[in-house]
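The values are calculated or read from the model by the stated rules, or taken from the named source; none is laboratory data. Keep in mind it's a predicted model, so treat the numbers as computed, not measured. In this analysis, Cβ positions are derived from the backbone assuming ideal geometry, glycine residues included, and neighbour counts consider all displayed protein chains.
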Amino acid sequence: MTVPIKPTGLENSTPFPLHLTRREIVRHISMVFSGSAVAQGVTALALLAIARRLGVAHYGQYAACYTLASFASIIFHLGLDSWLLREGGRTPERLGKLSGSVLVIRGLGGTLWLVGMTILALLLNSTGEIYRQHLPAGVLILSSLVVWLDCLLASVLTTFRAALRNQVGSPIEAGIDMLWLVIAVALITTGEQRAEAYLASRAMVLLLGLAISTGLLRNFVRLQPDRKTIWQIVREAPPFTSADFLTWSLARLDVLVVTFTLGTQSVGLYSPAVSLVSALFLVPYAVYGVMVPVLSRLYPTNPRQMHLTTLRMLLLLSVIGLGLAVLTTLGAPLVITALGKNFGETMVILRILSILLIFKCPNMGVAALIVVTGKQAKRVGVQVAAVLFNLIFNLAVVYRFGIRGVAVVYVLSELLLLMGYSWVAWRK
């Protein structure tokens, strides 16, 4: 099977492939997956090692600060990764302007955001002991820096994916996290017990990765931010911003609820399970990252082929989700062995959250279809319902059933999201 790409008139000058066979699509998915798998795998190992070194309470501070910074980053993040994948797939000849404009928005906006987060951290720590205990200023400021740099790097890696140059972007993604694992292990062997040290090392590695990846990107894409494209992004961003914010809220609202109701001790038990399951999301995200630009090119030119490709994608993701759920359940005892006996409750949470993968994987496929067909605004309504469900039921169960109840609510929220997404995508 060959997936035809609509000619742009730049066939001889554009660096982007104009025809993709099924084998090439699979190859790109494999490259994205392998890079993400290594990156997420070594990141998970690093977080496990750091959690073991810091202990439940201090790792709870680390997780709470990073979660809060990630939550607030939507102000400059704007959910533009999905937008860049779609627009880069539709008009590859404009990718330089699209990517350059996204980097300008996130660079300038993120700088102002980082100043604001620094002020917020200092204000919170001056108002009471509870904030100094749960959200130490140094940890929150460094967490914000890491989130900003990670967002900038994500823009560059997304550009590689939109250009279907995954043979370059995927090794960079994997190499950055492998380097951080090495540094984290080195810090652990020296007896380092400050969360700030691990965050600072992460920031330095991300900065290095951003410099290298941007330099390599120039071999394929000439970054040309311009005012017209920036205004286009501003006009089209709201549905993507809302969707990204709500997606994040659904994935991290439970950690915030546990932080402010049960405290950092419970967060330290709950967060490692969430982090490990989230690391497995790399598989559906790899498929999503390749298929959005591919389907975006098929949508206006070959709807029948797009329909068949979408069905195959959803079948693949459903099988992957079931397999990951089984592997997570069986591997839970090994995770607890790595963490230590103080994390015994984490195994129960991990097994509950493994069910989440059965719904999350096909969910990403349906989300890709929604993005490509321009139904992003309707997707937001479904997400609002799922987030409200998650928040209300988390608050209803957290004091009675603790972190186990919160984990069950997370699974049910993802199921609700899958049902809603399917209705939006297929009702016509």
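Within the range 116-130, not a single residue is out of contact with any Ser or Thr (no Cβ under 6 Å at 6 or more places or on another chain), in a helix (DSSP H, G or I) and closer than 30 Å to ARG218 by Cα. The single condition from (1) in contact (Cβ under 8 Å) with a residue 24 or more places away in the chain; (2) crowded, with 20+ Cβ neighbours inside 10 Å; (3) not hydrophobic (A, V, I, L, M, F, W, C) that SER201 fails is (1). When restricted to residues that are buried (at least 17 other Cβ atoms within 10 Å of the Cβ), touching a residue at least 40 places away in the same chain (Cβ under 8 Å) and part of a helix (DSSP H, G or I), the range 179-195 contains 5. Cβ-Cβ contacts under 6 Å between residues 6 or more apart (or on different chains), taken from a first residue in the range 276-290 that is on the phi < 0 side of the Ramachandran plot to a second residue that is charged (D, E, K, R), are listed as GLY289/ARG161.
In the set (1) out of contact with any Asp or Glu (no Cβ under 7 Å at 6 or more places or on another chain); (2) closer than 30 Å to ARG297 by Cβ, the condition left unmet by LEU98 is number (1).
Considering only residues that are assigned to a helix (DSSP H, G or I), within 15 Å of VAL32 (Cα to Cα) and of a type in the set (A, V, I, L, M), which ones fall in the range 154-178? Correct list: ALA154, VAL156, LEU157, ALA162, VAL168, ILE172, ALA174, ILE176. In the set (1) over 21 Å from the mean Cα position of the chain (by Cα); (2) surrounded by fewer than 21 Cβ atoms within 10 Å (Cβ to Cβ), the condition left unmet by ARG297 is number (2). Of all residues in the range 285-330, those satisfying the criterion of being over 23 Å from ILE358 (Cβ atoms) and among the charged types (D, E, K, R) are ARG297, ARG304.
Restricting the range 317-338 to residues that are within 30 Å of THR373 (Cα to Cα) and free of Cβ contacts under 8 Å to residues at least 40 places away in the same chain, the residue that is nearest to the chain's Cα centre (by Cα) is ALA325.
Once the range 154-171 is narrowed to residues that are at pLDDT 85 or above and surrounded by fewer than 21 Cβ atoms within 10 Å (Cβ to Cβ), the residue that is nearest to ARG27 (Cα to Cα) is PRO171. In the set (1) of a type in the set (Lys, Arg); (2) under 20 Å from the mean Cα position of the chain (by Cα); (3) at pLDDT 85 or above, the condition left unmet by ARG252 is number (3).
Against the definition (touching a residue at least 24 places away in the same chain (Cβ under 8 Å) and within 17 Å of the chain's Cα centre (by Cα)), how does LEU206 come out, yes or no? Answer is yes for this residue. If you go through the range 231-250 and pick out every residue that is within 14 Å of SER70 (Cα to Cα) and without any contact (Cβ under 8 Å) to a residue 40 or more places away in the chain, you end up with 0. Could you figure out which of (1) more than 28 Å from LEU54 (Cα to Cα); (2) surrounded by 23 or more Cβ atoms within 10 Å (Cβ to Cβ); (3) over 17 Å from the mean Cα position of the chain (by Cα) isn't true of ARG218? Of (1) more than 28 Å from LEU54 (Cα to Cα); (2) surrounded by 23 or more Cβ atoms within 10 Å (Cβ to Cβ); (3) over 17 Å from the mean Cα position of the chain (by Cα), only one is false for ARG218: (2).
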